[in-house]
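S.K.: My questions all concern the structure below.
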Amino acid sequence: MVSRESVPAKYRGFIEEEERAKSIHTYEQTFPPGLLQTQAYARELLAGVRMAYDNHVDTQVEARMRRQEILRRDDPPRLRAVIDEAALRRMIGGPDVMRDQLQHLLKMGEMRHITIQVMPFVAGAHAALNGQMTIFDRLNGQPVLYYEGPTGGHLMTDSGVVGDAVDRMDVLRAQALSPDESADLIRQVLEEL
């Protein structure tokens, strides 16, 4: 409850779906998913994009870290994340913060219920170049799409729209590097730092 109260109202529906989901499928272009961010990275990111209203960066970082508890519960959701290579290379908080973040991604990718794939630059144009998206599979079987675009984020349940997003996500996973290849690319970016 405190986690939901600590974030802007426009993201509360997203957090509620995240908490209830049996699986989460996400594509992120700009930065790793909040569920996979380190505290230092989240702090730099939130301060940099000024998402923390009234300078409450620490409160919002704490809320983001609390959200991650769903990945440590007894029956965690399955998380399948496709992360654009740009998110690995965009310098947030300097080299030390980035090294810790990339090492954290490698560690999280070793967990049984988490799959991390990278969409490499060499893949060229792909099905989600126009924005990030997250699909929540609910326990009742009806998926929900969260799409973030230029006008903000939207939760959608229309079966046609959600079905199209599920298809796009399948194509993205097929175009992305395998989990092992993705880990190798993350290690390469780490070495470059």
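Any read-out appearing in this document is the output of simple, stated calculations on the displayed coordinates, not a laboratory observation. Everything numeric here is computed off the predicted structure, so don't read it as measured data. Heads up, the Cβs are rebuilt from the backbone with ideal geometry, glycines too, and the neighbour counts pull from every protein chain shown.
S.K.: Helix by helix through the chain, keep the DSSP H runs that span 18 Å or more along the axis on Cα and average at least -1.0 on Kyte-Doolittle, and give those back in order.
M.R.: Those that pass (Cα extent of 18 Å or more, hydropathy at least -1.0) are 95-109, 159-175, 179-192.
S.K.: Which residue fluctuates the most in the chain, going by a Gaussian network model with Cα springs under 10 Å, if the choices are ASP170, ASP75, ASP180?
M.R.: The residue with the greatest mean-square fluctuation here is ASP75.
S.K.: Can you tell which of LEU129, LEU155, LEU177 shows the greatest fluctuation in a Gaussian network model of the chain with Cα springs below 10 Å?
M.R.: For the chain, modelled as a Gaussian network with Cα springs under 10 Å, the answer is LEU129.
S.K.: Could you pull out every residue, at least 5 positions away or on a different chain, whose amide H is within less than 5 Å of the one on ARG138? Hs are placed 1.01 Å off N in the peptide plane, and Pro or chain starts have none.
M.R.: So ARG138 has HN proximity to LYS22, VAL144.
S.K.: I'd like the per residue volume of the convex hull spanned by the Cα atoms of region 2-192, given in cubic angstrom.
M.R.: Cα convex hull per residue, to the nearest whole number: 117 Å³.
S.K.: Under a crude label model (7 Å from the Cα following the beta-carbon direction), how far is ASP74 from THR30 in nanometres?
M.R.: 3.9
S.K.: Right, next: With springs only between Cα atoms under 10 Å apart, run a GNM on the chain and tell me which of LEU102, LEU88, LEU139 wobbles the most.
M.R.: Among LEU102, LEU88, LEU139, the largest mean-square fluctuation in the Gaussian network model of the chain belongs to LEU139.
S.K.: Here's a follow-up. Suppose each label sits 7 Å from its Cα in the direction of the beta carbon; what would the HIS56-LEU139 distance come out to in nanometres?
M.R.: 2.9
S.K.: Hey, another quick one. Tell me whether region 61-168 comes out rounded, prolate or oblate; compute the Cα gyration tensor, take square roots of the eigenvalues as a ≥ b ≥ c, and use a/c under 1.5 as the rounded threshold.
M.R.: Judged from the Cα gyration tensor, region 61-168 comes out oblate (a/c at least 1.5, b/c at or above a/b).
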